[in-house]
Amino acid sequence: MTCGVQKMGWSVAWQGEAEAVRQQVERILASKIFLKAQRSQAFLRYAVERSIAGAAPKEYEIAVDVLGRSGSYDPAVDATVRVEAGRLRGRLREYYATEGKADPLFIEIPKGGYAVTFKSRELDLASPPEDHFPQIAEKVQGRDRAAQESSIASLVAGHILPRPLWIWLTVGLSVVTVCGIWLTIVRRHAPGPIRSLAVLPLQNLSGDPNQQYFADGMTDELITELAHIPNLRVVSRTSVMEDRGNGKPLRQIARELEVDAVVEGSVVRSGNGIRITAQLIDARDDKHIWAQSFEEHTSDTLELQDRVAREIALQAKAALSPEKPNLLQVRVKPDAYDAYLRGLFFLHQREPRKSAEYFQKAISIDSSFAAAYAGFAQALDSEQLAGEARSTGVHSTALAAAKRAVELDPSSGEARTAVAMIEIDYEKDWVAARQNLETAVALSPNYSLAEIYYAIYLDAVGRPEEAVSHMRRALQLDPLSFFANRHMGSVLYFARQYTESLSYLRRAIEMQPSKYSLAVNWESRDYEMSGNLTEAEKSDLLLIGAAFPNADLAPLRLAYQQGGWKAYQSARIEVFKRQAREGCDFYEVGEGYIRLGDGDRAYPWFERAIQQGCFWSDSLKVDPLLDNFRNDPRYQELLRRVHLAD
């Protein structure tokens, strides 16, 4: 039996506020953000009215009643509702960050469902806190215990047990009840050591928007420092940044990130001084454990971060790693550190060229700054992968920078990961990559990028099940990351777990609908390997439309309608031949010929792709699409070219 007060639904407890909610909806829909977004308008109205009525809207209902899907709608193969929900959530976030900044009522559709939550600036209307009704709670719990004792007494009496036994049962019940109350109190007030936490983005209170890079950089560095604490899971930056300015209660954020506690605070930078104010909150019972302000000169920024991290670790009852050197022993020139933080900011903004320039500036100011070398290597790697590299041999420069970072700071898991990334992406030095990644995971157990690249390595060498295991760990560290969820989909595809792969790919698209083209390729493969060729064709057309906006897709559709999958692949090959711009386009042509069973014509296209450094060649050992090609002697030759031959 569960004791306590059941929270009343909207229709009972808050019916008087329904009109206020409807007025807020009209205010939102009249905004510039929603004015022309008819599907988002209809979606929001429907979800709000259903939630007011106390009935959470279902995906099937939204598809049919709002989005005009037929009664045969199947959410397992059609992501329309999830994509539209992602767009609606994005518009709501944008609205409350701009036009609705001062609105009295906050309306949100939390991820994981379609029920709407309503929160007043003063009180959470959707779920009144139980603490508001302590006396009622005591009375209800008392009635429940009395009823329980009465029913057991009746049961005992009904069996006409001997009086001494009846007495002992009653005493036993009382002891159990008292112990139960005591254990409940202990759990409520002493939830135990904190095993996981998230550092929310520190607020920039400097009064200058141009200082946002500094606040974000301090958040990054605090996460990195805390991530070195053994047995403490620290959520990665990507996921915590998803919650910036969305107005969610801390308990909800903690629940979505699956952490015990959160750190929140602010940064003020004025002249030569820095002040960080931080507080640690145990989300399990909403208890403020600790709050403190720290001030330092800008020349002592690293010391400041170290003090904050150590104080948080102490309050979280976590032991600091003895292997990690004390930052108090490290001195970095203030101008170099400022340039480094700017580099980090632009790296996360996916502007690798500008990021590389700032990291290079940091290195020129302080040539012993290990983290700047690691960042420079990462920025160059990202620039090369994005096709923005300004000269040949960029990866050699990146590798030299990453190795220099390791020389300067052998305890940096981030630096070793940077080395391994280049060894995988360009050098194809799998032995060295394995050594660096295993060391990186051991040194920085909370660094999700190390786990992601270890999964990529494991797939490349033909160990897909282990790759899935490491990607699950990466997702624990970065649960709200589009790329972590998309990578999870890809490793599950290689492990031939197509249904689960699709679920992660859909989740990634829902998180960032604008990046759908980076996930639909994998969706198409999942459908193809599952035998659902109609959905495979639909997803593939989305991919081609995004990759080649000027391509005429009508012949592809006609080919599939008239001749099926092989006719579609023949037409697709011609599209890629005409539009091919880089190595992975050549790889797509080779795969097309494999689908047609023509290894002779596939092989030279794979060769061209490998010569131009297409990353798809890393999956030669595990891609199910190549199963019928693996007995071909030329397959072994391709493996030799990427140093993967047994």
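The values are calculated or read from the model by the stated rules, or taken from the named source; none is laboratory data. Everything numeric here is computed off the predicted structure, so don't read it as measured data. So basically every Cβ, Gly included, is an ideal-geometry build from the backbone, and we count neighbours across all protein chains shown. Each accessible area value is taken on the protein alone, full model and side chains, heavy atoms only, with ligands, DNA and RNA left out. Shrake-Rupley method; radii C 1.70, N 1.55, O 1.52, S 1.80 Å.
To the nearest 10 square angstrom, what accessible area does M241 show with a 1.4 Å probe?
Accessible area, nearest 10 Å²: 30 Å².
What length, rounded to one decimal in nm, is gained on full extension from Q38 through to K287, with 0.36 nm per residue of separation minus their alpha-carbon distance? Don't skip to the end; give the middle numbers.
Numbers: separation 249, 0.36 × 249 = 89.64 nm, distance 4.25 nm.
Extra length from Q38 to K287 when fully extended: 85.4 nm.
Taking only the alpha-carbon positions of the range 431-478 and ignoring solvent, what does the Debye formula give for the base-10 log of I(q)/I(0) at q = 0.14, 0.19, 0.26, 0.31 Å⁻¹?
-0.27, -0.50, -0.91, -1.17
Looking at the range 22-87, which trypsin sites (Lys or Arg not before Pro) are DSSP coil and have at most 14 other C-beta atoms within 10 Å of their C-beta? Don't skip to the end; give the middle numbers.
Numbers: sites: R22, R27, K32, K36, R39, R45, R50, K58, R69, R82, R87; in loops: K32, K36, K58, R69.
Those satisfying the criteria are K32, K36.
Using the Kirkwood radius over Cα pairs, work out the Stokes-Einstein diffusion coefficient for the range 500-610 at 37 °C and 0.692 mPa s, in µm²/s as a whole number. Mind showing how you got there, number by number?
Numbers: Rh = 14.4 Å.
Here the translational diffusion coefficient equals 228 µm²/s.
State which entries of K428/K566; K111/K515; K32/K101; K538/K577; K58/K111 exceed 22 angstrom in Cα-Cα distance in the structure shown. Can you show the working numbers first?
Values: K428/K566 34 Å; K111/K515 18 Å; K32/K101 14 Å; K538/K577 20 Å; K58/K111 13 Å.
Flagged as over cut-off: K428/K566.
Say R0 is 25 Å: what FRET efficiency, to the nearest 0.05, do F294 and H348 get from their beta-carbon distance?
0.55
Please compute one quarter of the surface area of the Cα convex hull for the range 454-498 and express it in square nanometres.
On the way: hull surface 10.7 nm².
Mean projected area of the Cα convex hull: 2.7 nm².
Using a Förster distance of 45 angstrom, determine the FRET efficiency expected from the C-beta separation of K111 and S367, and round it to 0.05. All intermediate terms of the calculation are to be shown ahead of the outcome.
Numbers: r = 45 Å, r/R0 = 0.99.
So, using R0 = 45 Å, E works out to roughly 0.50.
For the range 379-475, what is the accessible area per residue in Å², given a 1.4 Å probe and the full set of protein chains?
Values: 3630 Å² over 97 residues.
About 37 Å² of surface per residue is accessible.
Could you pull out the GluC sites (Glu not before Pro) across the range 354-434 that fall in loop regions by DSSP (anything but H, G, I, E, B) with no more than 11 other Cβ atoms inside 10 Å? Before the final figure, lay out the partial values.
On the way: sites: E357, E383, E388, E407, E414, E423, E427; in loops: E388.
Nothing satisfies the criteria.
Within a Cβ distance under 12 Å of G564, other residues only, what is the Lys/Arg minus Asp/Glu net charge? Numbers along the way, then the final one.
Working: positive: K566, R595; negative: E537.
Net local charge, G564 excluded: +1.
Which FRET efficiency, nearest 0.05, do L625 and E258 yield, Cβ-Cβ r, R0 22 Å?
Numbers: r = 34 Å, r/R0 = 1.56.
Efficiency at R0 = 22 Å is approximately 0.05.
With a cut-off of 15 Å, note down the residues of the range 612-630 whose backbone N falls inside the zone around a label point 7 Å from the Cα of D646 toward its beta carbon.
Correct set: 621-622, 630.
If you roll a 1.4 Å probe over the range 469-518 with all protein chains in place, what percent of the accessible area is carbon or sulfur? Mind dumping the intermediate values first?
On the way: 850 of 1700 Å².
Its accessible area is 50 percent carbon and sulfur atoms.
Would you mind pulling out the separation of the Cα centroids of the range 332-386 and the range 607-624, in Å?
30
So which trypsin sites (Lys or Arg not before Pro) in the range 348-430 pass both tests, a DSSP loop state and at most 14 other Cβ atoms within 10 Å of the Cβ?
Values: sites: R350, R353, K354, K361, R390, K403, R404, R416, K428; in loops: R350, R390, K428.
Of the trypsin sites (Lys or Arg not before Pro), the ones in loops of the range 348-430 whose Cβ has at most 14 other Cβ atoms within 10 Å are R350, R390.
Can you put H228, H288, H470 in order of accessible area, largest first, using a 1.4 Å probe? Before the final figure, lay out each step's value.
Details: H228 15, H288 115, H470 50 Å².
Correct descending sequence by accessible area is H288, H470, H228.
Quick check: Cα centre of the range 559-585 to Cα centre of the range 204-266, how many Å?
Result: 45 Å between the Cα centres.
By how many nm would the segment from E582 to K333 lengthen if fully extended, with 0.36 nm per residue of separation less the alpha-carbon distance? Mind showing how you got there, number by number?
Working: separation 249, 0.36 × 249 = 89.64 nm, distance 4.16 nm.
Answer, rounded to one decimal: 85.5 nm.
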